[in-house]
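**Student:** First the structure, then my questions, so here it is.
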Amino acid sequence: MVINMLYGTVKTVDEAGRIVLPKEYRNKMNISSGTKVILCENDGKLTIEVLTPKCKLCGTAENVNEELSLCEECIKKVKEY
Ligand SMILES: [Zn+2]
């Protein structure tokens, strides 16, 4: 399948409402099984945004524990407190 990243790819929704994200997009956007995405409808367009977990305290996206929504640095600080 040829994918045109610039003009989009035509996909057909199945009877359960699903579509498959083409491998090229998954690779480019670093999406794998279990990746959380945000669906957003705006002005007649549906967008899919990859959810990047951020630390609730400092806002960084690095080394974030997804269950706690805290980065390792902040977890250390909280433990020391
Ligand atoms: Zn933090």
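The values are calculated or read from the model by the stated rules, or taken from the named source; none is laboratory data. The model shown is predicted, which means the values in this text are computed figures rather than measured ones. Here Cβ is always computed from backbone atoms with ideal geometry, including for glycine, and neighbour counts include all displayed protein chains.
**Student:** Within segment 25-77, count every residue that is part of a loop (DSSP other than H, G, I, E, B) and under 30 Å from Lys11 (Cβ atoms).
**Tutor:** Filtering segment 25-77 down to residues part of a loop (DSSP other than H, G, I, E, B) leaves 29-36, 43-44, 51-63, 66-69.
If we keep only those that are under 30 Å from Lys11 (Cβ atoms) too, we end up with 29-36, 43-44, 51-54, 61, 66.
Qualifying residue count for the region: 16.
**Student:** Let me ask another. Could you run through segment 53-70 and say how many residues are surrounded by 14 or more Cβ atoms within 10 Å (Cβ to Cβ) and near the ligand (Cβ under 9 Å from one of its atoms)?
**Tutor:** Here the count works out to 6.
**Student:** So the check is Cβ under 6 Å with 6+ separation or different chains; which pairs have a first residue in segment 51-77 that's under 20 Å from Ser33 (Cα atoms) and a second one that's more than 6 Å from the ligand (Cβ to nearest atom) and of a type in the set (S, T, N, Q)?
**Tutor:** Close Cβ pairs satisfying both conditions: Ala61/Thr52.
**Student:** Go through Glu73, Glu80 for me and flag whichever is outside the structural domain of Arg26 (by TED's automatic domain parsing) and either within 11 Å of the ligand (Cβ to nearest atom) or under 17 Å from the mean Cα position of the chain (by Cα) (or both). Please lay out each step first, then the result.
**Tutor:** Values: Glu80 fails: either within 11 Å of the ligand (Cβ to nearest atom) or under 17 Å from the mean Cα position of the chain (by Cα) (or both).
Answer to the selection: Glu73.
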